[in-house]
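Below: one structure, written as structure tokens.
Just so you know, all these numbers are worked out from the coordinates, no wet-lab data involved. In this text, all values refer to a predicted model and were calculated from it rather than measured experimentally. Reconstructed Cβ throughout: ideal geometry from the backbone, glycine too, with neighbour counts over all protein chains shown.
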Amino acid sequence: MKVGTISNYINKKTVVIFLIQLILVITLLGYQAWRNSSVECLKCHSDKEKMAKLNYPQFYVTQEMIENEAKHPNVKCHECHLGNGRSNDPDKAHKGMLRVLLVGHNGQMLNRKNIYPYALLPSGDDKIREMLPKIKGNGALEPHPEVRNVLWHDRNIETFNFDPDIAKKTCGKAECHPEELKQFNTTIMATNFRQRTMRTWLEPYGPQN
């Protein structure tokens, strides 16, 4: 085999193809980095004055506050809450975002904005019910009459049980905790699908039907 200089193997066409491929790779990586951002979340929610003006002072948050609470450096809002971290339109930004679930006495999901649009903070002396929404009545705080329970936002909104699809999009992503989710999905708690779909004790089906 004849050995020559690199110029013997590279021509104008080769250089052009290489540059096009390089541009495509950089563009793709740049687009992924652009999408994998919650910059618009922080631009809005880190504005304390704006949050107060919108009557949502409890949703004021900074990157430092997020990292301190989540115990994860460089964590982004959408990685846990979903939604669109690149949109500055409130409706588009919050579309598909996970929320705390308020459950009514008949097992229906309540609209938090209509029922209790305030911060959910511990209150009262009853440790079991301290996170339930409270209203003032008879000179003291009383449980909200329409709310029976508060559930984490990782639940299935139809059954109120563990949702493996939500876990896969959040904590179980490749760069987060995929092995932990994989392990959990092999447990009885995760694989007991029939129990996860039960909403009542009797109807339409349940453990006592």
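Between the range 39-90 and the range 133-191, how far is it from one alpha carbon centroid to the other, in angstrom? If you average the Cα positions of each part, the centres end up 20 Å apart.
A P(r) calculated from all alpha carbon pairs of the chain, with 10 Å bins opening at zero, reads 7, 21, 28, 21, 10, 6, 4, 3, 1, 0 percent.
Scattering from the range 101-152 was approximated by placing one identical point on each alpha carbon and applying the Debye formula without solvent; log10 I(q)/I(0) at 0.13, 0.19 1/Å stands at -0.28, -0.60.
Could you state the angle between the C-alpha long axis of helix 12-35 and the longest principal axis of the C-alpha atoms of the chain, as a value from 0 to 90 degrees rounded to the nearest 10? Roughly 10 degrees, rounded to the nearest 10.
Could you tell me which chymotrypsin sites (Phe, Trp or Tyr not before Pro) in the range 131-189 are loop residues by DSSP with no more than 15 other beta carbons within 10 angstrom of their beta carbon? Kindly include the intermediate steps, with their values, before the conclusion.
Working: sites: TRP152, PHE160, PHE162, PHE184; in loops: TRP152, PHE160.
When the chymotrypsin sites (Phe, Trp or Tyr not before Pro) of the range 131-189 are filtered for loop state and at most 15 Cβ neighbours within 10 Å, TRP152 remain.
Shown for the chain: cysteine residues without a partner Cβ closer than 4.7 Å, namely CYS44, CYS80, CYS171, CYS176.
Restricting to DSSP loop positions (anything but H, G, I, E, B) with no more than 16 other Cβ atoms inside 10 Å of their own Cβ, which GluC sites (Glu not before Pro) remain in the range 41-100? Could the numbers behind the result be given before it?
Working: sites: GLU49, GLU64, GLU67, GLU69, GLU79; in loops: none.
For GluC sites (Glu not before Pro) across the range 41-100 that sit outside H, G, I, E and B with at most 16 neighbouring Cβ atoms in 10 Å, the list is empty.
For LYS134, the residues whose amide H sits under 5 Å from its own are HIS144, ignoring neighbours fewer than 5 places away on the same chain, with H placed 1.01 Å from N. According to the calculation over all Cα-Cα pairs in the range 55-99, the P(r) per 10 Å bin from zero is 26, 53, 21 %.
The trypsin sites (Lys or Arg not before Pro) of the range 84-158 that meet both conditions, a loop assignment by DSSP and at most 12 other Cβ atoms within 10 Å of the site Cβ, are LYS95, LYS127. Computed 3J(HN,Hα) for the range 105-118, one whole-Hz value per residue from the Karplus formula 6.51 cos²θ - 1.76 cosθ + 1.60 where θ = phi - 60°, is 6, 9, x, 9, 7, 8, 7, 4, 4, 8, 8, 7, x, 10, glycine and proline marked x. Mean-square fluctuations from a GNM of the chain, with a 10 angstrom spring cutoff on Cα atoms, peak among ALA140, ALA167, ALA190 at ALA140. Taking every alpha-carbon pair in the range 61-160 and binning the separations at 5 Å intervals from zero gives 2, 11, 17, 19, 19, 15, 11, 5, 1, 0 percent.
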